[in-house]
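> Before I ask anything, let me first share the structure, which is written out below as structure tokens.
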Amino acid sequence: MDPEDSLADPFSSHGLWRVSKFTLQSLQPLEPLGWDEKLPDLSSAFFESPLNIFDKFGTEITSLNPFGTELSDADQTLVLDTATSSETEVIATTDQQNVEEELEDLWALGNQDIKQERCDLLKSWEKYRERTYREPVSAYFSESGAKGFDAALARQAAKVGTQTQRFMVRRDVFFQALLKLGLGWSSMFFRYDEQNKRFERVHNNIRISGVTSVALNGIIEELLECGTNMQKIRAFANKVPSRTKELSSRSAFASAAAVVVHTLEKRLVGQFASITSLLQIKALFCECGKVVSVLANVIEAVDIAMSEAQIISVVSERAAHFSQLFDHIEPLLREIVSRVAEPWLRQVETWVGLRPETAASVELASSGRSFVVAETQERTRKTTKMPRVDYKYLPDNMPSLVPNDLASLIFESGRSLRLLKTHHPQHPVANHEMYHSTSPTFECAGTWFDITRIEKKAAEYEARLRFEILRYNRGDMNQGSDRMFVTEASEPTGESGVLADTFELFDLDNMPNTTGLLPMDGSSRDKLGCLVDANVHCHAEQPAAHSSFGPEITSSYYLSLAPLLCSQALLIDFSCLHLLFKEHHLRTHLNLQWRFQLLGDGYFTSRLSDSLFDPDMESGERKAGVVRSDIHAGLRLGSRDTWPPASSELRLVLMGLLNECHDAEKRLDPSMNSSLWNEKELPGGLSFSIRDLTDEEVVKCKDPNAIEALDFLRLQYKPSPVLETILTPSSLDKYDRLFKHLLRLLRMDSVVRSLIRDSTARDSLSGDTRNVIQKFRVDAQHFVLALSDYCFHVGIGSTWRRFQETLSNIESCLDRHDIDGTIEAASSVPRLRDYHEDVLDQMLYALFLSKKHTEVAILLDEIFGTILTFAPLSQLDGINGVRHEAEPAVRRLYNLFRKQTSAFVGYLRSIEGIKSTSKSLERWDTTFTAREEPATVFDHLLARLDTKRYY
């Protein structure tokens, strides 16, 4: 070493430029980057149109393998099963996508297939210095890999003595078989048993390196269940309908299930390329298995459903249940329920007038497969009008998710709409072509925001149609026609629509969507498929990012349908109420029932009583040599020996009685509608007629001293089809029962008054206080007159007066064109009909004609019979000799009468807080005016009968 070098400062930078004196090997130059000479020619392949891909590779599509490797090697002893047609289609589609991706990502570094052999890895310095050096086997078990794990398993099995022969399968081949199993496809390891409808293993003693049999069997069992469910869904979606008319809801659910399966297949096959372990396969099929298991569970219930309502009910109930178990798939379940219910919602839209009626909807209603069935009622031979169609509600065909009140509103609104269409086809509610071109439709909301939007849309629709209805009622039709012209001008005509569709055929800018060969863009993807993709990527512990806060699935249906349905029903009810009150004079017809059926007209009641019971009237019986006259003629019941009267005698006595009383009302009431003055017949053809009686009832009518002597006489009334919405056959039957009872009461009133006239005879002993006949007269008169006063003034009069107040309120609101006031007073047409029925039920209850009072009604008839038996004996009071013979019989009758009346009064005292039999009372709340409690009604009668507790 030079002395200069030893004296040099080692920390000095002087002399760094000198070359080192140590000999070093020269550095090897860098190797050039490898270039693949087999890359495609850009000028001839890359810039070609993608539409010609199938022309070039069409013959090679079926031979391509989407997994990049064969399922088995030549050394494998297991044989691959024959691929199904569905596998071939998926392989062809996948290979097509691989070709497109290769052409599009040509310059990506990830596509450079740079493979490095295992022997080229440099793990130690010895390997770096000598490439042929062999690494010694590691002493650590953790670095031994899958082979060490397999050896440990074999050693443990040999030690325990449970070693069995198992076939070792390549990982990539077995992973592909697991993918097929999860997708519901057969493979060389798993096959589908058509008899048991389940997937099963072809070989039981197989395993892969590095995994225990227990872990492998656990994953296989999960995928066996998933594959079985997938196969079940495919079978349901591809099932050929056994009936010629398949249920539309079933078809909608099958279509939704097919979309879910297709999306899952596409997503799972695309993600399988990056799978390298069993844990990844388990994670891949975790969310998929949940969706598939839910669909399979719903399919089991749908298969046994027999109607549209049952399918919708089953799907909605199962969806609500599983949305609570797996909240992250709730948006997907909502979409499925929405699609299943969509055909039924279109039926409801057509029924309530939001959609124009078609021949298919009419056929559906007549077939009885919907919640409404049309019934044709034939007219009589005398009329030449078309048969009247009535509609009947079928509650079994209404989905369970629709509440009863909403279901009733749907049916009643549609039935009232048909009535409006029949008489006013140009009405804004009934004329869909003119006014409903932009009418909203029903939809299933999933969030509170959507429900608020639906409510706002319904309010706008209601406000727009309110204006049209009020203008129509005022007769302002010119502006309506102008509006229709503007609407038609603003909308494209049928010819322009055809031309627009024609030009779309030549839209060259939208070539992919026209041909359908290439994938569509994201904006046009199916919503259900997007939800499936989102739920596959979503974890069960975290709700989906796009889900928002909303009501439960079954509740959301009610909240989604109610706003628009209530608006439509309100407008229909107001229009029908205007039709009933202003054009068909409903109130006039109701007053007609009160005047004649309920004997509310004093003039008619007096004339009828004289014609039936006055003994001073001329006899209308046919006699030889005597000319009969209808002047001062009567039936004289109680003063004749022959009964019942002949039909000619009835016509002679009662003919013209109704017309005279009705004409008298016209003269007394100048405010009556002028259109009723010129009618030749009474409204509804009101007339006397003979009631249909049984043989037992006919026998009772032949006895003039029986209480049933006048039961054959009735009033016949036939309302028009419009008025039948309120004056139903049930209500007319109740009017007839009331008329029958009041006619009996009218006869008893005439009988007890004649008893008082008997006491004024010259030879009568009415002045004797111990005379039992006079006591019987006074007690009978007191009982009958008190009961008659109660029935006419309390049981009927007060109840009808409250009903009239409601009708007056409705009519005044209609005169002011007040829609809200009219609906507040009447609520709706069905509720007004129920209110009318309830008024009659209250009358029947107050007059002891309800089912609860059957025993009391029989007791009351027995009291009347006792009085009628006493009436002939009362006339013998002034005759000497006969009077003393009749006293024992009178005394027995009087004791029986006192016993019967005491029992009747005792029953009145025992009534405490009994509610009315009418169930509709509980539904009115504050809709109509307040009513008295039914128990107070009998207090009025008790106060009249037993003021001083005489009984």
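Read-outs throughout are calculated quantities, based only on the coordinates presented, and are distinct from any laboratory measurement. For clarity, every value in this text was computed on a predicted model and none was experimentally measured. Cβ atoms come from the backbone with ideal geometry, glycine included; neighbour counts cover every protein chain shown.
> 7 Å from Cα along Cα→Cβ at both GLU126 and GLU618: what's the point-to-point distance in nm?
Label at GLU126, label at GLU618, 14.9 nm between them.
> Work out the FRET efficiency for GLU660 and ARG737 from their Cβ-Cβ distance, taking R0 = 22 Å, and round it to the nearest 0.05.
After rounding to 0.05, the efficiency reads 0.25.
> Looking only at region 330-359, which residues have a backbone nitrogen under 19 Å from a spot 7 Å from the Cα of VAL389 in the C-beta direction?
346-359
> Follow-up. Taking H as built 1.01 Å from N, whose amide H comes closer than 5 Å to the amide H of PHE199, not counting residues under 5 places away?
ASP193, THR228
> May I pose another question? Which order do the peptides 125-135, 595-605 take when ranked by the mean count of other beta-carbon atoms within 10 Å per residue, highest first?
595-605, 125-135
> Could you give the length gained on full extension between ASN297 and THR276, defined as 0.36 nm per residue of separation minus the Cα-Cα distance, in nm?
Result: 4.4 nm gained on full extension.
> Additional query: In whole Hz, what ³J(HN,Hα) sequence does region 776-790 give by Karplus (6.51, -1.76, 1.60; θ = phi - 60°), x for Gly and Pro?
Whole-Hz 3J(HN,Hα) from phi for region 776-790: 5, 4, 5, 5, 5, 5, 4, 5, 5, 5, 5, 5, 5, 5, 5.
> Just to verify a number: FRET efficiency for ILE690 and ARG346, C-beta to C-beta distance, R0 = 60 Å, to 0.05?
FRET efficiency, ILE690 to ARG346: 0.75.
> Most exposed first by the Cβ proxy, i.e. fewest other Cβ within 10 Å, how do TYR907, TYR735, TYR557 rank?
Numbers: TYR907 16, TYR735 20, TYR557 25.
By the 10 Å Cβ count, ascending, the order reads TYR907, TYR735, TYR557.
> Hey, what do the phi angles of region 341-358 turn into as Karplus ³J(HN,Hα) couplings, whole Hz, using 6.51/-1.76/1.60 and θ = phi - 60°, x for Gly and Pro?
7, 4, x, 5, 5, 5, 5, 5, 4, 5, 5, 8, x, 8, 9, x, 7, 10
> Moving to a separate point now. Past 29 Å, Cα to Cα: identify those pairs from LYS159/LYS197; LYS392/LYS421; LYS159/LYS290; LYS700/LYS734, in the order given.
Among LYS159/LYS197; LYS392/LYS421; LYS159/LYS290; LYS700/LYS734, the Cα-Cα distance tops 29 Å for LYS159/LYS197; LYS159/LYS290.
> While we're here: Using +1 at the C-beta of Lys and Arg and -1 at the C-beta of Asp and Glu, which of TRP185, CYS288, SER307 has the Cα lying farthest in the positive direction of the dipole of region 149-311?
Checked the options; the winner is TRP185.
> Can you put ARG892, ARG198, ARG355 in order of Cβ neighbours within 10 angstrom, beginning with the fewest?
ARG892, ARG198, ARG355
> Mind giving me the nanometre distance, one decimal, between the label points for ILE304 and LYS527, set 7 Å out from Cα along Cα→Cβ?
3.2
> Something else about it: Once fully extended, how much extra length lies between PHE167 and ALA146, figured as 0.36 nm per residue of separation less the alpha-carbon to alpha-carbon distance?
6.0 nm
> How much length is gained on full extension from SER639 to ARG198, taking 0.36 nm per residue of separation minus their Cα-Cα distance?
149.6 nm
> Here's something else I'd like to know. Could you pull out every residue, at least 5 positions away or on a different chain, whose amide H is within less than 5 Å of the one on SER687? Hs are placed 1.01 Å off N in the peptide plane, and Pro or chain starts have none.
Here GLN716 satisfy the definition.
> Same structure again: Check which residues have an amide H placed less than 5 Å from TYR391's amide H, if you skip close sequence neighbours.
GLU375
> What list of ³J(HN,Hα) couplings, whole Hz, do you get for region 263-277 from phi and the Karplus terms 6.51, -1.76, 1.60, once you set θ to phi - 60° and write x for glycine and proline?
5, 5, 4, 5, 5, 5, 5, x, 8, 6, 4, 9, 7, 10, 8
> FRET efficiency for ASN205 and VAL137, Cβ-Cβ distance as r, R0 = 22 Å, nearest 0.05?
Taking R0 as 22 Å, the efficiency between ASN205 and VAL137 is 0.15.
> Here's another thing I want to ask about it. Beta carbons within 10 angstrom, averaged per residue: use that to sort the peptides 812-821, 701-710, highest first.
Packing proxy ranking, top to bottom: 701-710, 812-821.
> Rank by packing, highest mean first: peptides 753-759, 223-229, 144-150, with packing defined as the count of other Cβ atoms within 10 Å averaged across residues.
Sorting 753-759, 223-229, 144-150 by mean packing, highest first, produces 223-229, 753-759, 144-150.
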